[in-house]
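Input: a single structure, listed below in structure tokens.
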Amino acid sequence: MTATLSITRQILDPAGKLCGTDPELSPEFLKELFVHMLRVRAVDERMLKLQRAGRIGFVGSMFGLEAAMIGSAAALEPQDWLWSGLREGGAALMRGLPLSEYIAQMYGNGSDTAKGRQMCNHQQHVGTHYPSWSSVIGTQIPHGVGAAYASKLRNENAVHAIYFGDGATSSNGFHSGMNFAGVWNAPAVFMCVDNGWAISVPSGHQTAGTYVSRGDAYGMEAHEVDGNDVLATFEAARLLVERARTENKPALLVIKTYRMAGHSSSDDPTRYRDQAEVDRWAAQDPLDRFETYLSSAGLLEQGGRERIYSELIAEIDDESNRQERAPKMPLRSLVDDVYADVPLHLRRQYNRFLEVSKRLGDAQPGDGAFPL
Amino acid sequence: MVTLTLLQALTDGMKTAMRKDESVLVFGEDVGKRGGVFLTTEGLQEEFSKQRCFDTPLSEDGIVGAAIGMAMNGMRPVAEIQFQDFIFPAFDQIVSEAAKLRYRSGGQYTCPLVIRTPYGGGIRGGLYHSQSGEAYFCHTPGLKVVIPSTPHDAKGLLIAAIEDPDPVLFLEPKALYRSVKGEVPEEHYTVDLSTLREVQSGSDVTVFCYGAMVPIVTKAANRAEENGIKTCVVDLRTLLPLDEEGVLEFAKKTGRVVVVHEAPRFCGFGAEISALIAENAIEYMEAPIARVTGFDTPFPNTLEHHYMPDDRRVLDAIEHVFNY
């Protein structure tokens, strides 16, 4: 399939100068995008700090991906769904995931909507269509396609943005999901965030072909965009999302960016990549680039970035302090939510466990036995 | 009441569910115009349109993965896997995703999904059209695993599975598709998931079985009766969650237990039944628990009728525990 939409790879060059057609977005919207991007970086910095301090267990860093996630997800409407991998939490915050829930999940405390069941950095939010996701790579891709089919059947006018990384393009889910979406004309946009690395394997080692050529293979339009350029990423996503919405045409958007930190707080990227490469990408920092542009357009005052950033940090620190004090999940939650009702064999298992827990002093009020 | 084969009862069950709830969708390989390779979905596309009953590309991973997304977004998908032997590309989606979604999301997201698939031997299908993989799935909290053995149960359990709020693996004994007939109510009804069924009563020996083994065990039980051994036959129907109380009750009644399945023995479902009884009712046992199962080998082709338990092997086990 030949690409029919005119999509520009880059609108802002690494120096923050317009090099493509000005999308003529409103000053308010541009400033909002900047704040959302700054929040991603602030959350990232603070979560890593909490992890280093031993307060939370794990962080999948979003450092460097601010434009990729914010630019693309800003093209979504409230009724649209965002199917996530490890690093889209910042986009979810922009779309309405409360910061309190984000941080509660990092602590896995009693306020976590997922009841502390998932490891850190696995957020969800029903209200903004940000489904729970698993750590298994690529499995969310066919989910998004099936959900898009359901939306289409009910004429909901909802688009499903399905995010995944470069590594996931090798997974079953990617191929079956792309194929089903093409065959079904599902209103889905596949957001391939090519951040250069799947843990320690470079993007170029996932395939002998190109990611963007996969669109052709599955009969859908595909484009690549500079993912460190928030304007180009937004414009590309907007065009593809609207096409999916109005014509039920799925599309693939390869968002080329760079994971500046390790795979996670447990990873040491110096074991497998050169600092020179990291430095080259640091010079293309998405926030610096957008800041320069906004300043030159007269939309950001001197010291504006620092002011906004410190406000965001203060908000995050306040919330972290609150969540740190939240109660833990009751023991009884061990056996809830396996099924809609707790079946007899689980009630028995729990009650037997509770007898031992009481003897050992682990049980708290609220951990009471189930009726049998 | 109408007299239907087990296969016709399944078709009727799907039609009944689809008429009642327009969010019920049926899809899989060849289920549309062809009506499925066994014709289980015959007539569905005509009655309910190509939007609600349709063919998919040939990818089990994609079928189940997409079904999960549909279920998360308000639909009641009924996905067919053409043979249970082909389900393993979807194992990840079933085990990592469907089964864990409610738990990992703290109940925020659910997966009311049915995966229908024909299982078991007896059709000369060799290694890859004959397997009984229930044990793989029974080891997965969050799934329900259901196996009917009569037309009445097939329809009632299938409708219950479709209306259930959790993911159900619905294993259909393909050997019984056309070989058993029975009375089936024409209207909508359900059979509770997680209740076993006493096929026939008896006070000497209890035999637990399910699916295609039920008629074989019943035949063996009738032969045992001729020899004066009153044999109780219990059809488990839902393996997960298991009616543990029911199993223990029927085990205690006779104190002599045989478990029959065509799947391999090692870590098979019979091991769970045996352990359950050993843990909770060993003092009632008059004889060691006997298992009659498939061999711990891949499923053979020409010797399949020796691989699968038949009434002679079941009778031998009944006599063994009775005479112990």
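The values are calculated or read from the model by the stated rules, or taken from the named source; none is laboratory data. Keep in mind the model is a prediction, meaning the values are calculated, not measured. Please note: Cβ atoms are built from the backbone with ideal geometry, for glycine as well, and neighbour counts cover all protein chains shown.
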- Item | Tally, over the stretch A:300-335, of residues that are within 14 Å of chain B (Cβ to nearest Cβ) and in contact with a Phe, Trp or Tyr (Cβ under 8 Å, 6 or more places away or on another chain) | 3
- Item | Residues satisfying the stated conditions in the stretch A:98-136, i.e. of a type in the set (A, V, I, L, M), more than 10 Å from chain B (Cβ to nearest Cβ) and farther than 20 Å from A:Leu334 by Cβ | A:Leu99, A:Ile103, A:Met106
- Item | Counted residues, the stretch A:103-131 - those being closer than 15 Å to B:Arg102 by Cβ, in a loop (DSSP other than H, G, I, E, B) and among the aliphatic types (A, V, I, L, M) | 1
- Message: So, in the stretch B:87-98, exactly how many residues are more than 9 Å from chain A (Cβ to nearest Cβ) and surrounded by 19 or more Cβ atoms within 10 Å (Cβ to Cβ)?
- Response: 4
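For the stretch A:326-354, enumerate the residues that are exposed (fewer than 12 other Cβ atoms within 10 Å of the Cβ) and over 17 Å from B:Pro141 (Cβ atoms).
A:Pro327
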- Query: Can you tell me which of B:Phe170, B:Phe208 is assigned by TED's automatic domain parsing to the domain that holds B:Thr16 and aromatic (Phe, Trp, Tyr)?
  - Reply: B:Phe170
- Just checking, which of B:Val321, B:Val292, B:Val260, B:Val234 is touching a residue at least 24 places away in the same chain (Cβ under 8 Å), buried (at least 22 other Cβ atoms within 10 Å of the Cβ) and part of a helix (DSSP H, G or I)? B:Val321
- Hey, can you tell me all the residues within the stretch A:68-84 that are closer than 20 Å to A:His263 by Cα and either within 14 Å of chain B (Cβ to nearest Cβ) or touching a Ser or Thr at 6+ places or on another chain (Cβ under 6 Å) (or both)? A:Ala68, A:Trp83, A:Ser84
- Message: Among the residues in the stretch B:41-57, are any within 14 Å of another protein chain (Cβ to nearest Cβ), closer than 20 Å to B:Ile159 by Cα, without any contact (Cβ under 8 Å) to a residue 40 or more places away in the chain and among the charged types (D, E, K, R)?
- Response: yes
- Message: Can you pull out every residue in the stretch B:108-119 that is part of a loop (DSSP other than H, G, I, E, B) and closer than 17 Å to B:Leu10 by Cα?
- Response: B:Leu113
- Sort out which residues of the stretch A:1-37 are surrounded by 14 or more Cβ atoms within 10 Å (Cβ to Cβ) and among the charged types (D, E, K, R), and write them in order of number. A:Arg9, A:Asp13, A:Lys31, A:Glu32
- Flagged in the stretch A:303-330 as among the charged types (D, E, K, R) and closer than 30 Å to A:Phe353 by Cβ, in numbering order, are A:Glu324, A:Arg325, A:Lys328
- Tell me, yes or no, whether the stretch B:149-159 has at least one residue that is crowded, with 24+ Cβ neighbours inside 10 Å, within 14 Å of B:Leu113 (Cβ to Cβ) and within 14 Å of chain A (Cβ to nearest Cβ). no
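Looking only at the stretch B:32-47, which residues are part of a helix (DSSP H, G or I) and farther than 24 Å from A:Asn179 by Cβ? Talk me through it step by step, then tell me what you get.
From the stretch B:32-47, those part of a helix (DSSP H, G or I) are B:44-47; that's our starting set.
Scanning the stretch B:32-47 gives B:Glu46, B:Glu47.
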